[in-house]
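Colleague: This is the structure, below, for whatever I ask next.
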Amino acid sequence: MDFLWIIGRFFKGCFSKIWNKQFLIFLFFLVLSTAFWLFQALNETYERDYTVPIELKNVPENVVITTELPKTAQLRLRDKGVTLLNYVYGKRLRPIVIDYANYANTSGHARIPVGDVTRQMAATLEGSTQIVNFRPDTLEFFYNFGLCKRVPVRLQGKVKTGRIYHLSETRLSVDSVTVYAAKALLDTITAAYLQPIYLRDVADTTVIHSPVQPIRGAKFEPSTVGVTLFVDRLVEKTVQVPIQWVNFPATKALRTFPSKVNITFQVGMGMYRSITADNFVIVVNYEDLLENKSNKCHLSLKTVPPGVSHVRLNPTDVEYVIEEVPED
C-alpha cells in the first residue's frame with residue numbers, strides 16, 4: 001500500500017507541474033494556429049473526384065433494357081476546399097437522372113451526350129464550382145420491346161482434379177437461358193458462354209456460380225448459372241475379357257492362348273460396380289493376321305466405357321492358331 005501511495009503522489013506532482021499557466025497559454029496558441037492554418041488551407045482552390053450514381057427513369061413496362069447504363073460516374077470538381085468539403089459531408093451530390101423518353105428512338109440504342117449530363121449536374125452545384133472532368137466519356141443503353149429466344153449454355157475453361165480423383169459429371173442449374181436483343185444481333189447469338197472456369201487439384205464436389213459472358217446490346221436471363229462439378233475418388237479394378245475375332249471367313253476360326261486377358265483400369269468409386277467385363281471389347285482382325293509372320297498377334301481394345309481411364313491389357317500379345325472349320 002505504501003508503494004502504491006508513493007507512485008500516486010509522484011504522478012500527481014508531475015501533473016500539477018505540467019498543468020500550469022504557461023502550459024495553458026501554449027495550448028491556446030497551438031489551437032489558434034491550427035485553426036488559422038485550417039482556415040487558410042480550406043480557402044485554397046483544389047480539385048477532387050466524386051462518385052455520382054446514375055439512374056434511368058420512366059422506362060415503359062413493355063421495354064426491356066438489354067444493356068444498362070453504368071451504375072455510377074466519376075466527376076472531378078474544382079473549387080475552394082471548404083466548398084468541396086461541403087459536397088462530402090454537407091450538401092450531398094444529387095444522382096444523375098436520365099429520362100428514357102428524352103433519348104428513346106427506333107434503333108434500340110440510346111446515347112446521352114455528356115454535355116446534357118454536365119449541364120444537369122452544374123445546375124445542382126454551387127455557382128463557383130467548375131466541372132473539370134466527367135467519366136465515362138460515353139453514356140449509352142440498349143433496349144428492345146421483348147424480342148428474345150432461348151440459347152444453350154456452354155461451359156468454358158479447364159478443371160483438373162487431384163491425382164487420385166476424377167471429374168465424374170458436370171451439371172448445370174439450367175441448360176439454356178433467354179437472351180433479349182435487337183433482331184440483327186439476336187440472329188448472331190447461338191449460345192450463352194459462361195465465364196471460363198479454371199481449377200486445379202480439385203478433390204471434392206464443387207459448386208460455382210458462373211456469370212454469362214456479356215454481349216454489348218444483349219441481356220441474358222438468368223445472367224448467372226450454377227455449375228456443379230462432381231468429383232469421385234479413383235480406384236483400380238481388373239476384369240477378364242474374352243478375345244473376339246472379326247472378318248474371318250466362314251471356314252476359319254481363331255484360337256488364342258489364353259482365350260481371355262486381364263484389363264486393369266481406374267474408375268470412380270461411384271461406378272465401380274457398374275463397370276464389368278461386358279463393357280469392354282477386344283478384337284483380332286483377320287486381315288491383320290494375313291500379314292503377320294509371327295505366332296503371336298497384337299490385341300486391339302475396340303470399346304472402352306466412358307468414365308474409365310488408364311486402361312492396361314495383360315498380356316498385350318497372345319499366341320494363336322487359325323483352324324479350319326469343317327463344312328456341313
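Colleague: Looking at (1) at pLDDT 90 or above; (2) exposed (fewer than 12 other Cβ atoms within 10 Å of the Cβ); (3) over 21 Å from Asp204 (Cα atoms); (4) charged (D, E, K, R), which is the only condition Lys293 fails?
Modeller: Among (1) at pLDDT 90 or above; (2) exposed (fewer than 12 other Cβ atoms within 10 Å of the Cβ); (3) over 21 Å from Asp204 (Cα atoms); (4) charged (D, E, K, R), the lone unmet condition for Lys293 is (1).
Colleague: Could you grab me the full set of residues in the stretch 112-126 that are free of Cβ contacts under 8 Å to residues at least 24 places away in the same chain and either basic (Lys, Arg) or touching a Leu at 6+ places or on another chain (Cβ under 6 Å) (or both)?
Modeller: Within the stretch 112-126, Arg119 is the sole residue that qualifies.
Colleague: Does the stretch 103-133 hold any residues that are in a helix (DSSP H, G or I) and basic (Lys, Arg), and which are they?
Modeller: Across the stretch 103-133, the qualifying residue is only Arg119.
Colleague: Moving on to the next point. Test Thr188 against the stated conditions and say whether it is open to solvent by less than 60 Å² (accessible area, probe 1.4 Å) and among the β-branched types (Val, Ile, Thr).
Modeller: So Thr188 does not fit the description; no.
Colleague: With respect to Tyr46, is the statement that it is outside any strand (DSSP E or B) and either over 23 Å from Pro113 (Cα atoms) or polar (S, T, N, Q) (or both) true?
Modeller: Criteria not met by Tyr46.
Colleague: Residues Val31, Val88, Val82, Val52: which one is modelled with pLDDT under 95, in a helix (DSSP H, G or I) and within 37 Å of the chain's Cα centre (by Cα)?
Modeller: Sole residue among the options that is modelled with pLDDT under 95, in a helix (DSSP H, G or I) and within 37 Å of the chain's Cα centre (by Cα): Val88.
Colleague: Inside the stretch 258-300, can you point out the residues that are within 18 Å of Val246 (Cβ to Cβ), without any contact (Cβ under 8 Å) to a residue 40 or more places away in the chain and either β-branched (Val, Ile, Thr) or assigned to a loop (DSSP other than H, G, I, E, B) (or both)?
Modeller: Listed by number, the residues that qualify are Ser259, Glu291, Asn292.
Colleague: Go through the stretch 243-257 and count every residue that is touching a helix residue (DSSP H, G or I) at 6+ places or on another chain (Cβ under 8 Å), farther than 8 Å from Glu323 by Cα and part of a strand (DSSP E or B).
Modeller: Final tally of qualifying residues: 2.
Colleague: Another question about this same structure. Only one of (1) farther than 27 Å from Glu169 by Cα; (2) assigned to a strand (DSSP E or B); (3) under 40 Å from the mean Cα position of the chain (by Cα) is not met by His209, so which one is it?
Modeller: Among (1) farther than 27 Å from Glu169 by Cα; (2) assigned to a strand (DSSP E or B); (3) under 40 Å from the mean Cα position of the chain (by Cα), His209 violates only (1).
Colleague: Count, please, the residues in the stretch 134-168 that happen to be open to solvent by 80 Å² or more (accessible area, probe 1.4 Å), part of a strand (DSSP E or B) and either of a type outside the set (Lys, Arg) or under 20 Å from Thr67 (Cβ atoms) (or both).
Modeller: Counting residues in the stretch 134-168 that are open to solvent by 80 Å² or more (accessible area, probe 1.4 Å), part of a strand (DSSP E or B) and either of a type outside the set (Lys, Arg) or under 20 Å from Thr67 (Cβ atoms) (or both) gives 2.
Colleague: Additional query: Filter the stretch 74-108 for residues that are buried (at least 17 other Cβ atoms within 10 Å of the Cβ) and over 17 Å from Gln130 (Cβ atoms) and give the result.
Modeller: Correct list: Ile96, Ile98, Tyr103, Gly108.
The values are calculated or read from the model by the stated rules, or taken from the named source; none is laboratory data. Note that the coordinates shown come from a computational prediction; the quantities given were computed from them, not determined experimentally. Backbone-built Cβ (ideal geometry, glycine too); neighbour counts: all protein chains shown. The area values use the complete protein model at the heavy-atom level, side chains included, leaving out ligands, DNA and RNA. Shrake-Rupley method; radii C 1.70, N 1.55, O 1.52, S 1.80 Å.
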